[in-house]
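Asker: Below: one structure in structure tokens.
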Amino acid sequence: MLPHLWCSGCGNGIVLSSLARALAELGLERNQVVVVTGIGCWGKADDYLSTNALHGTHGRALAFATGIKAANPKLCVIVLMGDGDGATIGGNHLIHAARRNIDLLAVVVNNHNYGMTGGQVSATTPAGAVTSTTAYGNPEREFDLCELVMAAGANYVARGTAYHVPQLDRLLREGIEKKGFSFVEVMSPCPTQYGRRNQLGGAVKMMEWLRDHAVPVKSFREKRDDLPPGSFPIGKLHEGDDPDFNTRYRDIQARAQKEGQV
Amino acid sequence: MMQLFMQGNEAIAEGAIACGARFYAGYPITPSSEIAEVASRRLPQVGGVYLQMEDELASMAAIIGASLSGVKSFTATSGPGFSLMQENLGVAVMEEVPCVVVDVQRSGPSTGLATKPAQADLMQARWGRHGDQAVICLSPATVRECFDLTIEAFNLSERFRVPVILLADEIVAHMRENVELPDPSSIKVVDRKLPTCPPEEYLPFKPDPDGVPPLAYYGSEYIFHATSSMHGERGYSQNDPENAAKKIERLFSKLTRHMDEIVHFKRYYPGDEFDLLIITFGATTRPARAAAQRAKGEGIRAGVLQLITLWPFPEELVEKEARRASSVLVCELNLGQLVHEVKRAAGKDKVFGLHKANGEGFTPKEILSRIKEVAGSAQA
Ligand SMILES: Cc1ncc(C[n+]2csc(CCOP(=O)(O)OP(=O)(O)O)c2C)c(N)n1
Ligand code: SF4
């Protein structure tokens, strides 16, 4: 157990250990890995990892990571963002990183609100939910991040939860190994901010809620209409094989060098 | 030597490539777009990468990431995009990441007289970011200077682990002239200082005696942690006030201790004696020189001091040169940004300004008539 700044019952620690296991199981050298983080509770994760790291500004983690990977294709680049960071302020970078199909793994820990700044509404806060800035319920609708990233062109899209840990280990491993833009959304409890305001009954109850509403993607697609409200699919939702940015750019370099000679 | 008929923006892009820059990320904006266009054609030829990002926030972030991967990186923009880059320019300051940001200034505020010349980003370059910030800012006045100062910007950036702003303007960026480029082998190129200690002992923010820490790159045998939060020498968050004071102070002193390496300027003094000193930067330099020539015919001895290094401000230089004149005239295409700095260095009473912010450059005639006014009031 590391000393850390996360609240007890927070899902971040579970996701972090899952990531550490994925890195260890893949046997990656620490100096070949760069962890890029944004700003938020989950964005602090780099402080507990002994790989290379770049902790940037709120919302821009994917843009920093794009520069790292485009400049050195050999590096394994992993980007850790909260839902506020990755999808609200950083939404534009998310869709463009997916469209570019830059080869990295983006892990958005979705706790449905801004943990670090006191539980404000996020682009993933469900419609109607209470946050510190939606006292009367959220008037806006939430993003389905996986659908968004899939539509934008990612090569690998998956959703896991802080409850389904062995599956999460596998999804993170696959995401790292997959060439092109990989996206793993992790549904994770924030008992301190989100849970309290929405009377979700503390960390354990929030975990039980995840257990009861996360449905393996195959059965989700089959039984969609019969599932309890709030159910969502987990597992690998999409896999494609488009060439990643660096592969395409290598062709550009070859063409430029040929034309540059004449 | 190579004779070329070249534009300022082209010279900037070629200068960057000549000193080893291999990564560009940017977002198009006039009057800087030709830099992106040349970079997109030339970088892949030399094994580099051009990326058009989704905006300037992303562009600035991407060049920081690329630089930490060990590749010399740059971006180019104009005022509105420069405003968007400020936040991540702060990251480059805090994480001590070498990189070059070209700001080809145009008229403002906001979209302003889009694409028309101005020199009004001087203070944005200095103070545009939150927090106390130390950066280097250089400004070219000719196409050849665009080439040379881009190289110097990279050299200073690598030498001091600091972002360097090349503050050009529409006039110099779009001007075409015949230039002789130096032989590539004669170009002085500075590369960043790499660590030499065993990997497990590397502290990415522990300064050498010159105040500048060596910088490893991602993927080398050295593992390092860079954070925009206040950090200690290991690069991990550290919040005590003693550490914060030490870090912020060092970000400034690593530059101010080495002003002899950083300050560049040019003097255009008739004979060597003058009564009136005209201080300029960038596009005001040429009309000021022409005006000084004509002033001779009017019996006024005027000299022109072109400031190339604008930040950190070359106070000692300005103070020393101003002492030799009975009055000082600061010409700038804004409502008065440089003049305050000059007054601070040279004394309020003898410093005058000539300011213009209508989207047009100065004519020598305008400057000459102000020279006459200033010379007259100095005599009175
Ligand atoms: C440009 C900018 N705007 C706002 C903030 C303040 N801020 C810090 S963290 C954060 C939200 C964090 O929420 P999320 O990304 O969901 O992560 P969590 O804390 O929930 O893990 C905000 C708004 C900031 N640091 N920078
Ligand atoms: S505020 Fe929420 S997200 Fe942040 S550490 Fe606490 S429980 Fe976790």
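Asker: So if the hydrodynamic radius of chain A is defined as the Kirkwood radius over C-alpha pairs, what does Stokes-Einstein give as its diffusion coefficient at 20 °C and 1.002 mPa s, in µm² per second?
Answerer: For these conditions, the coefficient is 115 µm²/s.
Asker: How many angstrom lie between the Cα centre of segment A:44-80 and the Cα centre of segment B:112-172?
Answerer: 27 Å
Asker: Another one. If you average the alpha carbon positions of segment A:162-226 and of segment B:340-380, how far apart do those two centres end up, in angstrom?
Answerer: Their Cα centres are 67 Å away from one another.
Asker: Then there is this: Kindly report, to the nearest 10 Å², the accessible surface of B:I17 as traced by a 1.4 Å probe over protein heavy atoms only.
Answerer: 10 Å²
Asker: A further question follows. Would you mind classifying the protein assembly as shown by shape? Square roots of the alpha carbon gyration tensor eigenvalues, ordered a ≥ b ≥ c; an a/c under 1.5 is rounded, otherwise it is prolate if a/b is larger than b/c and oblate if not.
Answerer: Prolate, because a/c is 1.5 or more and a/b exceeds b/c.
Asker: A follow-up question, please. Under a 1.4 angstrom probe, counting protein chains only, how are B:D191, B:D103 ranked by accessible area, largest first?
Answerer: Putting B:D191, B:D103 in descending order of accessible area: B:D191, B:D103.
Asker: From the phi of every residue in segment B:46-61, what ³J(HN,Hα) in whole Hz does the Karplus formula 6.51 cos²θ - 1.76 cosθ + 1.60 yield, where θ is phi - 60° and glycine or proline is x?
Answerer: Working through the residues one at a time gives 9, x, x, 10, 10, 10, 8, 7, 7, 5, 6, 4, 5, 4, 5, 4 Hz.
Asker: Amide H to amide H under 5 Å from A:A53: which residues, 5+ apart in sequence or cross-chain, H placed 1.01 Å off N in plane?
Answerer: A:V35, B:F224, B:H225, B:A226
Asker: Please list the three semi-axes, largest first and in whole Å, of the ellipsoid equivalent to chain B, using sqrt of 5 times the eigenvalues of its alpha carbon gyration tensor.
Answerer: The equivalent ellipsoid of chain B has semi-axes of 36, 24, 18 Å.
Asker: Considering only the other residues whose Cβ falls under 12 Å of the Cβ of A:R159, what net charge follows from Lys and Arg at +1 and Asp and Glu at -1?
Answerer: That works out to -2.
Asker: Taking a ≥ b ≥ c as the square roots of the eigenvalues of the Cα gyration tensor of segment B:1-139, is the shape rounded (a/c under 1.5), prolate (a/b larger than b/c) or oblate?
Answerer: oblate
Asker: What number, rounded to the nearest 500 deg cm²/dmol, is the helix-based mean residue ellipticity at 222 nm of chain A, given -39500 (n - 2.57) per DSSP H run of at least four residues and division by all its residues?
Answerer: -11000 deg cm²/dmol
Asker: A further question on this structure: What are the ³J(HN,Hα) couplings of segment A:190-197, residue after residue, when phi is run through the Karplus curve with 6.51, -1.76, 1.60 and θ = phi - 60°? Round to Hz, x for glycine and proline.
Answerer: Residue by residue, segment A:190-197 yields 10, x, 5, 9, 6, x, 4, 5 Hz.
Asker: Could you check which residue among A:E142, A:E174, A:E25 shows the biggest mean-square fluctuation in a GNM of chain A with a 10 Å Cα cutoff?
Answerer: Per the Cα network of chain A with a 10 Å cutoff, A:E25 tops the list.
Asker: Give me, ordered by chain and number, the residues 5 or more places off B:L329 or on other chains with an amide H under 5 Å from its own placed amide H.
Answerer: Amide H neighbours of B:L329: B:L277, B:I278, B:I279, B:F352.
Asker: Now for a separate question. Would you mind classifying segment A:1-129 by shape? Square roots of the alpha carbon gyration tensor eigenvalues, ordered a ≥ b ≥ c; an a/c under 1.5 is rounded, otherwise it is prolate if a/b is larger than b/c and oblate if not.
Answerer: oblate
Asker: Taking the alpha-carbon centroid of each part, what is the distance from segment B:210-262 to segment B:18-86 in angstrom?
Answerer: Distance between centres, Cα-based: 24 Å.
Asker: For segment A:249-255, in order, what is each residue's ³J(HN,Hα) by Karplus, 6.51 cos²θ - 1.76 cosθ + 1.60 with θ = phi - 60°, in whole Hz (x at glycine and Pro)?
Answerer: 6, 4, 5, 4, 4, 4, 5
Asker: Once every DSSP H run of n ≥ 4 in chain B is given -39500 (n - 2.57) and the sum is divided by its residues, what mean residue ellipticity at 222 nm do you get, rounded to the nearest 500 deg cm²/dmol?
Answerer: Value at 222 nm, helices only, nearest 500: -11500 deg cm²/dmol.
Asker: Next question, about the same structure. At a 10 angstrom cut-off on C-beta neighbours, averaged per residue, how do the peptides B:92-100, B:44-52, A:48-56 rank from highest to lowest?
Answerer: Answer by packing, highest mean first, reads B:92-100, A:48-56, B:44-52.
Asker: For segment B:95-247, what proportion of DSSP beta bridges, expressed in % and rounded to the nearest 5, is antiparallel?
Answerer: Antiparallel: roughly 10 percent of the beta bridges in segment B:95-247.
Asker: Out of all DSSP beta bridges with both ends in chain A, state the antiparallel percent to the nearest 5.
Answerer: Antiparallel: roughly 15 percent of the beta bridges in chain A.
The values are calculated or read from the model by the stated rules, or taken from the named source; none is laboratory data. This one's a predicted model, so the numbers in the text were calculated from it and none came from an experiment. Glycine gets a Cβ as well: all are built from the backbone with ideal geometry, and neighbour counts include every protein chain shown. When the accessible area is computed, the model is the full protein with side chains, heavy atoms only, and any ligands, DNA or RNA have been set aside. Shrake-Rupley method; radii C 1.70, N 1.55, O 1.52, S 1.80 Å.
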